[in-house]
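Student: One structure, as structure tokens, below. Some questions next.
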Amino acid sequence: MSVKTRKKFNISDHTGLLSSLIAIVGGLIIAFIVLMISNPAKGVPAFTTLITGGFQMGGIKNLGTLFYFATPILCTGVAMCLAFQAGIFNIGGPGQYSVGALAAILTSLYFSKDLPKPLTWIVPLIVSIIAGAAWALIPGILKAYFNVNVVIGTIMFNYIEMYYMMHWINDYCYDAMKGQTKAVPAQCKLPQAFMPAITGNKTADIGILIAIIFAILAWVLIEKTQLGYELKACGKNAEASRYAGIKSKRNIMVSILLSGALCGLGGGLTHLSVSGTYITMKEQLAAEGFNGIAVCCLANNSPLGSIFASLFLAFLTVGGNYMQIFGFQREIVNVITSVIIYFAAFSLFLKQMIEKQLIKQKKEINKVTGEELR
């Protein structure tokens, strides 16, 4: 009897995955309902295209597009994981992402293009990481040393970045003919290596591989190092951690700086990509920063889980791009994506509900068997 009890209770090890799957299924059901209400005749084929990522229409070339969309949100998703593990709600991802992107563009235009390879693209990436961390520095200081609400601090810096960004672009890298930033020099773009051969896409590059490497490094930091243990301890109970001698201020600064650095990396990888991405002169926050929060929630705060969560959201984005063929307006695509992200935000809440239910069942079993809950 004890063996069966232990086996049943081990289901709790998979509550994170189970809650994420429930969130995904719930979001897709709502998406299907929205499509059927909007256009019953085209709802089924449009939904099929959505959940197959459009691969039946675009073929293997969509794999390169999938990796392109997944790269920035993987970086920002892992960034949110690092912050949330320490109990820091970094909502400044859009600002940190955009500052990193602009730093990479400016470095490539004015400095690294004359360096020997591979420094032509490595240096802009390093600068984007530093810029993202620097933009998170002041909100981190305000939180660590003055106890200013980190959500308010990081959100305000998003808007500060948005308006300063237009000023910096206009002064240093504005292409008036196209209304966007100047093109990154060809020698400063990311290497393609074997990615075009794998994806069948001529614009595919190693950006996704770099993002995955950083996700793995973040997982090692959190799960296998003393610093990671201290970050998680502060996130679960800051007062108890402080009583145990853990330096909470230092951990706040470390977590938010690492988070900002990864957001900046996401911006650098996106705008140094072979696909040729530009920043336009619009008063808007980078969606990649906010989508990183959805990736983090869907991955249940796991950097490794963020790899799969970012690929899933990118998969839906690629499929959604084909839905206009079926007569759906672009706004419908945005609604569907938003619903799925909204459900993803509840994955952590679902995880807690599942864990509570499992604990309740364990207690009931122990009453019957007479065993104590361990």
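The values are calculated or read from the model by the stated rules, or taken from the named source; none is laboratory data. Quantities reported herein were computed from a predicted structural model and do not represent experimental measurements. Note: ideal-geometry Cβ built from the backbone for every residue, glycine included; neighbour counts use all protein chains shown.
Student: Answer yes if at least one residue in region 309-322 is free of Cβ contacts under 8 Å to residues at least 60 places away in the same chain and either under 14 Å from the mean Cα position of the chain (by Cα) or assigned to a helix (DSSP H, G or I) (or both), and no otherwise.
Tutor: No, the conditions are met nowhere in region 309-322.
Student: Go through region 55-88 and give me each residue that's in a loop (DSSP other than H, G, I, E, B) and either within 20 Å of Glu288 (Cβ to Cβ) or not assigned by TED's automatic domain parsing to the domain that holds Cys234 (or both). Write out each step before concluding.
Tutor: From region 55-88, those in a loop (DSSP other than H, G, I, E, B) are 86-88; that's our starting set.
Correct list: Ile88 only.
Student: So which pairs qualify, if the first residue must be in region 344-370 and outside the structural domain of Leu17 (by TED's automatic domain parsing) and buried (at least 17 other Cβ atoms within 10 Å of the Cβ), the second must be at pLDDT below 75 and not in a loop (DSSP other than H, G, I, E, B), the Cβ gap must be under 8 Å, and the two must be at least 6 apart or on different chains?
Tutor: none
Student: Additional query: Of all residues in region 92-113, how many are closer than 15 Å to Leu137 by Cβ and without any contact (Cβ under 8 Å) to a residue 24 or more places away in the chain?
Tutor: Number of matching residues: 0.
Student: Of Ile279, Ile256, which residue is under 24 Å from Lys143 (Cα atoms), of a type in the set (Val, Ile, Thr) and assigned by TED's automatic domain parsing to the domain that holds Leu221?
Tutor: Values: Ile279 fails: under 24 Å from Lys143 (Cα atoms).
None of the other options fit; the residue is Ile256.
Condition check ((1) free of Cβ contacts under 8 Å to residues at least 40 places away in the same chain; (2) of a type in the set (Gly, Ala, Ser)) across all residues:
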position	(1), (2)
Ala240	yes, yes
Met253	no, no
Leu257	no, no
Gly260	no, yes
Gly264	no, yes
Tyr278	no, no
Ala286	no, yes
Asn291	no, no
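Student: Inspect all residues belonging to region 106-113 and state whether any of them is among the hydroxyl-bearing types (Ser, Thr, Tyr), at pLDDT 95 or above and surrounded by fewer than 21 Cβ atoms within 10 Å (Cβ to Cβ).
Tutor: Checking region 106-113: at least one residue is among the hydroxyl-bearing types (Ser, Thr, Tyr), at pLDDT 95 or above and surrounded by fewer than 21 Cβ atoms within 10 Å (Cβ to Cβ).
Student: Separate question: From Tyr145, Tyr172, grab the single residue that is among the aromatic types (Phe, Trp, Tyr) and within 22 Å of Ser259 (Cβ to Cβ).
Tutor: Values: Tyr172 fails: within 22 Å of Ser259 (Cβ to Cβ).
On inspection, the qualifying residue turns out to be Tyr145.
Student: Could you tell me whether any residue of region 131-142 is buried (at least 24 other Cβ atoms within 10 Å of the Cβ), assigned to a helix (DSSP H, G or I) and touching a Phe, Trp or Tyr at 6+ places or on another chain (Cβ under 6 Å)?
Tutor: First pass over region 131-142, keeping only residues buried (at least 24 other Cβ atoms within 10 Å of the Cβ): 131-132, 135-136, 139-140.
In the following step, the residues that additionally are assigned to a helix (DSSP H, G or I) were identified as 131-132, 135-136, 139-140.
Filter once more, keeping what is touching a Phe, Trp or Tyr at 6+ places or on another chain (Cβ under 6 Å): 139.
Scanning region 131-142 turns up at least one residue that is buried (at least 24 other Cβ atoms within 10 Å of the Cβ), assigned to a helix (DSSP H, G or I) and touching a Phe, Trp or Tyr at 6+ places or on another chain (Cβ under 6 Å).
Student: State whether the residues of region 217-233 include one that is modelled with pLDDT of 95 or more, crowded, with 21+ Cβ neighbours inside 10 Å, touching a Leu at 6+ places or on another chain (Cβ under 9 Å) and over 16 Å from Val254 (Cβ atoms).
Tutor: No, region 217-233 contains no residue that is modelled with pLDDT of 95 or more, crowded, with 21+ Cβ neighbours inside 10 Å, touching a Leu at 6+ places or on another chain (Cβ under 9 Å) and over 16 Å from Val254 (Cβ atoms).
Student: Same structure, new question: Going by the conditions given, is Ala31 farther than 17 Å from Phe343 by Cα and of a type in the set (A, V, I, L, M, F, W, C)? Before the answer, list the steps.
Tutor: On the way: farther than 17 Å from Phe343 by Cα: no; of a type in the set (A, V, I, L, M, F, W, C): yes.
For Ala31, the condition - farther than 17 Å from Phe343 by Cα and of a type in the set (A, V, I, L, M, F, W, C) - is not met.
Student: Is it true that Ser259 is over 10 Å from the mean Cα position of the chain (by Cα) and more than 24 Å from Leu102 (Cβ to Cβ)?
Tutor: Values: over 10 Å from the mean Cα position of the chain (by Cα): yes; more than 24 Å from Leu102 (Cβ to Cβ): no.
Against the criterion (over 10 Å from the mean Cα position of the chain (by Cα) and more than 24 Å from Leu102 (Cβ to Cβ)), Ser259 does not qualify.
Student: Just one of Val123, Val151 is in the same structural domain as Asn90 (by TED's automatic domain parsing), within 20 Å of the chain's Cα centre (by Cα), part of a helix (DSSP H, G or I) and in contact (Cβ under 8 Å) with a residue 12 or more places away in the chain; which is it? Can you show your working first?
Tutor: Values: Val123 fails: within 20 Å of the chain's Cα centre (by Cα).
Just one listed residue meets the conditions, Val151.
Student: With the requirement that a residue be in a loop (DSSP other than H, G, I, E, B) and closer than 15 Å to Ser275 by Cβ, what does region 194-216 give you?
Tutor: Step one: list which residues in region 194-216 are in a loop (DSSP other than H, G, I, E, B), which gives 194, 200-206.
Gly200, Asn201, Lys202, Thr203, Ala204, Asp205, Ile206 - these are the residues of region 194-216 that are in a loop (DSSP other than H, G, I, E, B) and closer than 15 Å to Ser275 by Cβ.
Student: If Leu272 passes every condition in (1) more than 10 Å from the chain's Cα centre (by Cα); (2) at pLDDT below 95; (3) among the aliphatic types (A, V, I, L, M) but one, which one does it miss?
Tutor: If we test Leu272 against (1) more than 10 Å from the chain's Cα centre (by Cα); (2) at pLDDT below 95; (3) among the aliphatic types (A, V, I, L, M), just (2) comes out false.
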